[in-house]
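Read the structure below first, then the notes.
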Amino acid sequence: IADGGAGAAAVVVNSGTFDLYGGKINGNESYLKGKMIRGGAISVDGSFVKGDLPPAVLNMHGGEISNNRAIRSDLPMICGGGIYLRHATFQMTGGKICDNALELDGSVQGDARYGAGIYAISSTITIQ
């Protein structure tokens, strides 16, 4: 469980490439206060890239991203139960993204939930 950090529970990519060929990223929880939730399983956020650093890229050739949750307890906005993309590139040629969720703690009023499976802003997505 990621509690109080600024990223995903399993994988965070700010610069460089993460290639998923198989296996499962399953059953992770990202639980934050005070910041926007950035993915229950994978966060790919290239907004931090400066200078000569490579861009943030996620390539999914196979495998499964499932049963991950992004949980928020203080503000009614939450994004990316499975994958969060910001200023990033995502290419999916195989695999499965399923049964991911966004949850607001019972004390939070509102319903600003975006992208239980994939949330993307200022990003390029290719699914083949």
Apply 1/(1 + (r/R0)^6) to the Cβ-Cβ distance of LEU53 and TYR21, taking R0 = 35 Å, and write down the FRET efficiency to the nearest 0.05.
0.90
Cβ-defined net charge surrounding TYR21, 14 Å radius [Lys, Arg +1; Asp, Glu -1]:
0
Between ILE125 and THR93, what is 0.36 nm times their sequence separation minus the Cα-Cα distance? Round to one decimal in nm.
10.4 nm
Once phi for every residue in segment 82-97 is put through the Karplus expression 6.51 cos²θ - 1.76 cosθ + 1.60 (θ = phi - 60°), the whole-Hz ³J(HN,Hα) values, with Gly and Pro written as x, are x, 10, 10, 10, 9, 6, 9, 10, 10, 10, 10, 10, x, x, 8, 10
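Here, each number is a calculation from the coordinates, and none is a lab measurement. All values reported here derive from a predicted model rather than from experimental measurement. Cβ sites come from the backbone with ideal geometry, for glycine too, and all protein chains shown count toward neighbours.
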